[in-house]
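Trainee: Before anything else, here's the structure in question.
Laboratory data are not the source of any read-out in this text; all were calculated from the coordinates shown. This is a predicted model, so every value here is computed, not measured. Here Cβ is always computed from backbone atoms with ideal geometry, including for glycine, and neighbour counts include all displayed protein chains.
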Amino acid sequence: MKKFIMKLPRQYHEVWMGDGSLDFLPGFPPLKRASQCFILTDSRLKSHAVALEKALLLRGIRTHLISLKVSEELKDFKQIYPLFGELLKKNADRHSIILALGGGVIGDVVGFIAGTYMRGIRWVGIPSTLLAQVDSALGGKTGMNHEQGKNLIGVIHQPSLVLCDYQLLNSLPLRDQISGLGEMLKYGLIFDPKLFSRLKRQVKPGGPDLKSLQNEISVCLKWKAKTVVRDEQDLKGIREVLNFGHTFGHALEAESSYGTFRHGEALIYGMRVACELSFRRGYLNQKTQSEIDVVLKRVQDPPLPPKITAKKYLKRIQSDKKARNKRVRFVLLKKVGQTVLDQECTDQEILDSILQIMKAGV
Ligand SMILES: NC(=O)c1ccc[n+]([C@@H]2O[C@H](COP(=O)([O-])OP(=O)(O)OC[C@H]3O[C@@H](n4cnc5c(N)ncnc54)[C@H](O)[C@@H]3O)[C@@H](O)[C@H]2O)c1
Ligand SMILES: [Zn+2]
């Protein structure tokens, strides 16, 4: 197992990575100190959750298991409201701990509940998707969706521990592997040309080879950690670079109704649009832009919905929470490994970039 420490301004926590690391969880300090433990899990991971529950009970830790049917719709107040009731019924108190065993949806839901229940209790992230292991498990951001947009409601509430067990990925469906690869490619593009080159080789029919990606998973997670530590509250423009590709990506997710595209699938289109815009704004040279587009285009992704027009995406982008005075702040690329923030993109430039990607297809 590998470990690093996430040193945040007001707290720190450990991040453990390795095959079978979940077996060691009951012995970790945050668990030993808990009055009660609540495992909130994706029903697809029920067998892992049941084994974990048994292991915790054997150690004398009072444990409850709550299994949820997961989809993007779960990130909704009405859906999660009854979970607060469950915690109250079982007398969860400020010394209780919630374990989030699942992908990004479970992480966002548990982080939000833990951040607000009794004004904040501890939680542990046990990410089970590639996307969550390379990205969403770190940083403490939690997000509930609103009909006006994605992740518009939330708190920043850091976990007490994050544990990435690569073995959980063994059952991950192809589309979710690709979705995670999308987020990994983002880290390569914004920070790390060498990582991008290595990941390029994983863009192949049949999806990435997860076993040989373990080193790259930890590299992405460390990039995420490095960025979050410098700008935990997302106020300095440092953490904002992680939004590369997300402006169009979120618009696509919302316009096509949540769930049609996996987060990372939509992000791949978002990065293509962002690269096209980077070229049109004079940051990225055409050769690099088309080299990147060739790679991203090769990733197996559902086609863009034919009924959604470029104008609709633009409108959605403008109502995004990051829109300031109707001008959107884009994270653009100067070259692989170097970004720039740009608030001066015109509507026409954004529209043309979207249209270009729509025309180029998959
Ligand atoms: N908080 C953050 O910083 C942050 C960052 C990125 C994404 N997100 C959020 O994360 C969500 C996307 O994350 P995700 O792709 O992990 O979504 P997810 O949790 O919906 O998981 C994707 C699918 O994989 C299934 N699944 C999960 N683990 C599995 C496993 N081990 N084996 C088989 N199936 C499994 C789930 O049931 C689901 O169908 C979005 O809501 C996004 O907004 C949050
Ligand atoms: Zn993302």
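Trainee: Would you please put 129-142, 17-30, 207-220 in order of how densely packed they are, using the mean number of other Cβ atoms within 10 angstrom per residue and starting with the highest?
Mentor: With the highest mean Cβ count within 10 Å placed first, the list reads 129-142, 207-220, 17-30.
Trainee: Right, another one. Just to be sure I understand: of the beta bridges DSSP finds with both ends in the chain, what percent are antiparallel, rounded to 5?
Mentor: Of those bridges, close to 40 percent are antiparallel.
Trainee: Could you sort out which of Lys7/Lys224; Lys224/Lys315; Lys54/Lys90; Lys3/Lys224; Lys150/Lys186 sit more than 24 Å apart by Cα distance in this structure?
Mentor: Numbers: Lys7/Lys224 12 Å; Lys224/Lys315 30 Å; Lys54/Lys90 18 Å; Lys3/Lys224 15 Å; Lys150/Lys186 19 Å.
From the list (Lys7/Lys224; Lys224/Lys315; Lys54/Lys90; Lys3/Lys224; Lys150/Lys186), the Cα-Cα distance tops 24 Å for Lys224/Lys315.
Trainee: Follow-up. Once fully extended, how much extra length lies between His95 and Ser71, figured as 0.36 nm per residue of separation less the alpha-carbon to alpha-carbon distance?
Mentor: 5.7 nm
Trainee: Taking the chain as the reference, fit the longest principal axis to its C-alpha atoms, fit the long axis of helix 104-116 to the helix C-alpha atoms, and give the angle between the two in degrees, 0 to 90, nearest 10.
Mentor: Helix 104-116 sits at roughly 60 degrees to that axis.
Trainee: Please go through the residue pairs Lys69/Lys226; Lys2/Lys69; Lys194/Lys297; Lys311/Lys335 and name each one whose alpha carbons sit more than 23 Å apart in this structure.
Mentor: Details: Lys69/Lys226 33 Å; Lys2/Lys69 31 Å; Lys194/Lys297 20 Å; Lys311/Lys335 28 Å.
Checking Cα-Cα distances, Lys69/Lys226; Lys2/Lys69; Lys311/Lys335 exceed 23 Å.
Trainee: FRET efficiency for Met118 and Asn215, Cβ-Cβ distance as r, R0 = 45 Å, nearest 0.05?
Mentor: For R0 = 45 Å, the calculated efficiency reads 0.70.
Trainee: Work out, step by step, the length gained on full extension between Asn285 and Met1: first 0.36 nm times the residue separation, then minus their alpha carbon distance; give nm to one decimal.
Mentor: Full extension from Asn285 to Met1 adds 98.1 nm.
Trainee: Could you pull out every one of the aspartates and glutamates with an alpha carbon less than 16 Å from that of Lys75, ignoring same-chain neighbours closer than 8 positions?
Mentor: Straight-line reach from Lys75, under 16 Å: Asp42, Asp108, Glu147, Glu253.
Trainee: Taking the chain as the reference, fit the longest principal axis to its C-alpha atoms, fit the long axis of helix 214-230 to the helix C-alpha atoms, and give the angle between the two in degrees, 0 to 90, nearest 10.
Mentor: With rounding to tens, the tilt is 90 degrees.
Trainee: What per residue convex hull volume, in Å³, do the alpha-carbon atoms of the range 252-362 yield?
Mentor: 98 Å³
Trainee: Counting Lys +1, Arg +1, Asp -1, Glu -1, what net charge surrounds Leu65 among other residues with beta carbon under 13 Å of its beta carbon?
Mentor: +1
Trainee: Most fluctuating residue of Arg94, Arg280, Arg201 in a GNM of the chain with Cα springs under 10 Å: which is it?
Mentor: Maximum fluctuation in the GNM of the chain, among the listed residues, is at Arg201.
Trainee: Once you've got the GNM for the chain with C-alpha springs shorter than 10 Å, pick whichever of Arg175, Arg122, Arg33 has the biggest mean-square fluctuation.
Mentor: Arg33
Trainee: Any idea what % of Cα-Cα pairs in the range 92-204 are farther than 23 Å? Display every interim value, and only then the final one.
Mentor: Values: 2281 of 6328 pairs.
Counting pairs separated by more than 23 Å, the tail of P(r) holds 36 percent.
Trainee: While we're here: Using only the C-alpha atoms of the chain, find the volume of their convex hull and express it per residue in Å³.
Mentor: Per-residue hull volume (Cα only) is 122 Å³.
Trainee: Which semi-axis lengths, in whole Å and largest first, follow from the square roots of five times the eigenvalues of the Cα gyration tensor of the range 30-118?
Mentor: Semi-axes from the Cα gyration tensor: 20, 16, 10 Å.
Trainee: Something else about it: Have a look at Ile66, Ile121, Ile113 and tell me which one the Gaussian network model of the chain (Cα, springs below 10 Å) gives the largest fluctuation.
Mentor: Between Ile66, Ile121, Ile113, it is Ile66 that shows the largest mean-square fluctuation.
Trainee: Just to confirm the number: angle between the C-alpha axis of helix 263-280 and the first principal axis of the chain, 0 to 90 degrees, nearest 10?
Mentor: 30 degrees
Trainee: Tell me which aspartates and glutamates have Cα within less than 17 Å of Lys46's Cα, excluding those fewer than 8 residues away on the same chain?
Mentor: Straight-distance partners of Lys46: Asp23, Asp165.
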